[in-house]
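Trainee: Structure provided below as structure tokens; questions to follow.
The values are calculated or read from the model by the stated rules, or taken from the named source; none is laboratory data. Keep in mind it's a predicted model, so treat the numbers as computed, not measured. Note that each Cβ is placed from the backbone with ideal geometry, even for glycine, and that neighbours are counted across all protein chains shown.
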Amino acid sequence: MDFELTEEQKALVAMAKDFCKRETSPELLREYSAKEDPRDRVPWSVLKKMHDVGLLTVTVPERYGGRDADLLTLVLLAQALAQNTGPGIAGLLAPNLLTFNWKMCGDLGAVGTEEQQDEFFKRITSDYTFSMGEIATEPDHGLDPILPHDEPGSGLATYAYRDGDEYVVNGEKCFCGNGTASLLWVILRTDKTKPVSQSTSILLVPTDTPGFSIQKVNEFISTALGINADLHFDNMRVPARYLVGEENKGFAIFEGRRAFWLPIHGFELGMAQAIYEYTKEYAKTRIQGGKPIFEHLTVGSRIVDMLLHIEQARYLVYKTAWEYDQAVKAGSKLVSSLGFNLCNTTLRELGVLIAGHAAEVFGGRAALKELPIEGYIRSVYGGLHAFGTATFNRIKSMNMI
């Protein structure tokens with residue numbers, strides 16, 4: 001196992017850090033956060049510049065002008081971006097846009113048809129406003145589509161049937177990160193009589209398709225500047241050529257590509273590192289009892305504990321990314337999500353632990369709006385249950401070992 005970075009990885013990380021210093025600021029966060037409509041809070045000016053330097057298209061295949069970056073590279077990039085931006089910008093980049101584009105571009109290159117790749121890669125490399133998302137959660141079906149209870153009556157209710165050269169889609173989705181994207185990968189049922197593992201399909205849905213509508217834009221306590229929405233499909237007709245893989249065999253793709261959300265844990269690592277650095281600096285400059293509070297054993301040991309848990313989590317995430325990259329190099333397009341589930345559990349609990357330690361060190365100041373620490377804390381709790389609760393991920397992992 002070799003974590004030595006390549007020259008390309010070092011250059012990308014350095015470029016990401018430099019970009020953050022030049023193009024993001026607390027003032028930018030406040031400007032966009034103050035906008036009343038969540039749909040106006042996306043800093044398109046920043047995203048255009050990210051597109052110009054290639055950060056939005058790093059997982060696009062090289063033949064279309066991208067870098068075809070591997071998972072470890074994406075984790076490193078995500079960590080650098082989150083560590084060097086404020087909590088709001090990091091929140092935008094993580095669940096709401098950047099990792100969706102990274103993940104879905106990787107999926108399109110792995111399991112999309114040549115026709116699908118040619119159509120959508122050309123759009124994403126030429127238009128910085130073009131983005132993608134993947135949606136599965138429904139009002140009455142949250143985690144049960146991917147729990148081990150594979151019963152015909154459980155799971156997804158959004159349904160599509162084929163009518164000639166089209167699929168007709170009806171149903172609802174909720175808590176859709178990047179739900180207003182240009183193109184959505186919609187996880188749905190195409191057979192109501194079989195268990196979800198045997199009746200799930202994936203359709204690529206352009207969001208300007210008649211019958212598609214945004215029912216609600218969700219507001220969370222976190223400072224994320226992206227858009228999370230509830231969606232509705234009313235007799236929406238989608239060309240059959242937008243089917244990903246085979247009909248009723250989408251579950252294997254959904255599960256087998258779930259691990260490629262791993263860069264989100266790079267963002268969480270970067271945010272944890274930023275909280276740690278900010279807290280350590282505060283503790284070394286805040287004087288109480290005639291000396292910096294860092295020198296008080298209860299505070300200093302707490303900060304060491306923060307570093308200890310971050311380093312443990314970092315090793316797990318890097319190791320998991322490296323192992324997935326080796327599997328891909330060996331020819332695998334679908335891989336076990338065990339490592340992802342373990343990282344998901346670890347990073348969720350890490351975020352709460354780091355935020356809790358920081359709040360104790362800052363005391364009453366942790367709740368001040370004028371300091372970034374409260375934004376970090378809200379970001380941690382705002383994304384606490386993305387990809388399922390810690391208990392859910394333990395159940396998933398239990399069935400893989």
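Trainee: Checking Asn235 against (1) part of a helix (DSSP H, G or I); (2) outside the structural domain of Glu374 (by TED's automatic domain parsing), only one condition comes out false. Which one?
Mentor: (1)
Trainee: May I ask you to verify whether Ala359 is part of a helix (DSSP H, G or I) and more than 24 Å from Lys103 (Cβ to Cβ)?
Mentor: The answer is yes for Ala359.
Trainee: Can you tell me which residue within the range 251-270, out of those that are modelled with pLDDT under 90 and of a type in the set (A, V, I, L, M, F, W, C), is nearest to Leu77 (Cα to Cα)?
Mentor: The selected residue is Phe267.
Trainee: A further question on this structure: Pick out the one residue from Glu219, Glu172 that is acidic (Asp, Glu) and surrounded by 16 or more Cβ atoms within 10 Å (Cβ to Cβ).
Mentor: On the way: Glu219 fails: surrounded by 16 or more Cβ atoms within 10 Å (Cβ to Cβ).
One residue alone meets the criteria, Glu172.
Trainee: Hey, could you check the range 327-356 for residues that are among the β-branched types (Val, Ile, Thr) and in a helix (DSSP H, G or I) and say which is modelled with the highest pLDDT?
Mentor: Ile354
Trainee: Report yes if some residue within the range 309-329 is buried (at least 20 other Cβ atoms within 10 Å of the Cβ), of a type in the set (Gly, Ala, Ser) and under 27 Å from the mean Cα position of the chain (by Cα); otherwise report no.
Mentor: Yes: one or more hits.
Trainee: If you go through the range 157-174 one residue at a time, how many are in contact with a Gly (Cβ under 8 Å, 6 or more places away or on another chain) and either within 11 Å of Arg237 (Cα to Cα) or not β-branched (Val, Ile, Thr) (or both)?
Mentor: Qualifying residue count, the range 157-174: 4.
Trainee: When you go through (1) of a type outside the set (A, V, I, L, M); (2) at negative phi; (3) part of a strand (DSSP E or B) one by one for Phe254, which number turns out not to apply?
Mentor: (3)
Trainee: Which residue, of Val186, Val168, is aliphatic (A, V, I, L, M), modelled with pLDDT of 95 or more and farther than 25 Å from Ala110 by Cα?
Mentor: Exactly one of Val186, Val168 is aliphatic (A, V, I, L, M), modelled with pLDDT of 95 or more and farther than 25 Å from Ala110 by Cα, namely Val168.
Trainee: Oh, and also: With the checklist (1) loosely packed, with under 12 Cβ neighbours inside 10 Å; (2) touching a residue at least 24 places away in the same chain (Cβ under 8 Å); (3) aliphatic (A, V, I, L, M) in hand, flag the one item Ala34 doesn't pass.
Mentor: (2)
Trainee: Considering only the range 7-20, state which residues are in contact (Cβ under 8 Å) with a residue 24 or more places away in the chain and more than 11 Å from Ala80 (Cα to Cα).
Mentor: Scanning the range 7-20 gives Glu8, Gln9.
Trainee: With the condition kept exactly as written, say whether any residue in the range 95-107 is of a type outside the set (Asp, Glu), over 26 Å from Arg63 (Cα atoms), at pLDDT 95 or above and not in a loop (DSSP other than H, G, I, E, B). Explain how you work it out, then say what you get.
Mentor: To start, the set of residues in the range 95-107 that are of a type outside the set (Asp, Glu) comprises 95-106.
Those still in the list that are over 26 Å from Arg63 (Cα atoms) too: 95-96.
Those still in the list that are at pLDDT 95 or above too: none.
No, every residue in the range 95-107 fails to be of a type outside the set (Asp, Glu), over 26 Å from Arg63 (Cα atoms), at pLDDT 95 or above and not in a loop (DSSP other than H, G, I, E, B).
Trainee: I've got another one for you. May I ask you to list the residues in the range 378-401 that are more than 16 Å from His265 (Cα to Cα) and crowded, with 20+ Cβ neighbours inside 10 Å?
Mentor: Lys396
Trainee: Sticking with this one: Only one of Val361, Val380, Val328, Val335 is β-branched (Val, Ile, Thr), in contact with a Phe, Trp or Tyr (Cβ under 6 Å, 6 or more places away or on another chain) and in contact (Cβ under 8 Å) with a residue 40 or more places away in the chain. Can you tell me which?
Mentor: Details: Val361 fails: in contact with a Phe, Trp or Tyr (Cβ under 6 Å, 6 or more places away or on another chain); Val380 fails: in contact with a Phe, Trp or Tyr (Cβ under 6 Å, 6 or more places away or on another chain); Val328 fails: in contact with a Phe, Trp or Tyr (Cβ under 6 Å, 6 or more places away or on another chain).
So the residue among Val361, Val380, Val328, Val335 that is β-branched (Val, Ile, Thr), in contact with a Phe, Trp or Tyr (Cβ under 6 Å, 6 or more places away or on another chain) and in contact (Cβ under 8 Å) with a residue 40 or more places away in the chain is Val335.
Trainee: Tell me, which residue of the range 360-377 that is surrounded by 14 or more Cβ atoms within 10 Å (Cβ to Cβ) and hydrophobic (A, V, I, L, M, F, W, C) is nearest to Pro263 (Cα to Cα)?
Mentor: Taking the candidates together, the pick is Ile377.
Trainee: For the subset of the range 25-54 comprising residues that are within 19 Å of the chain's Cα centre (by Cα) and in a helix (DSSP H, G or I), which member is farthest from Thr129 (Cα to Cα)?
Mentor: Pro38
Trainee: Given the conditions (1) under 30 Å from Gly65 (Cα atoms); (2) modelled with pLDDT of 90 or more; (3) not assigned by TED's automatic domain parsing to the domain that holds Pro38, report the number of the one that Gly177 does not fulfil.
Mentor: Checking Gly177 against (1) under 30 Å from Gly65 (Cα atoms); (2) modelled with pLDDT of 90 or more; (3) not assigned by TED's automatic domain parsing to the domain that holds Pro38, the one that fails is (2).
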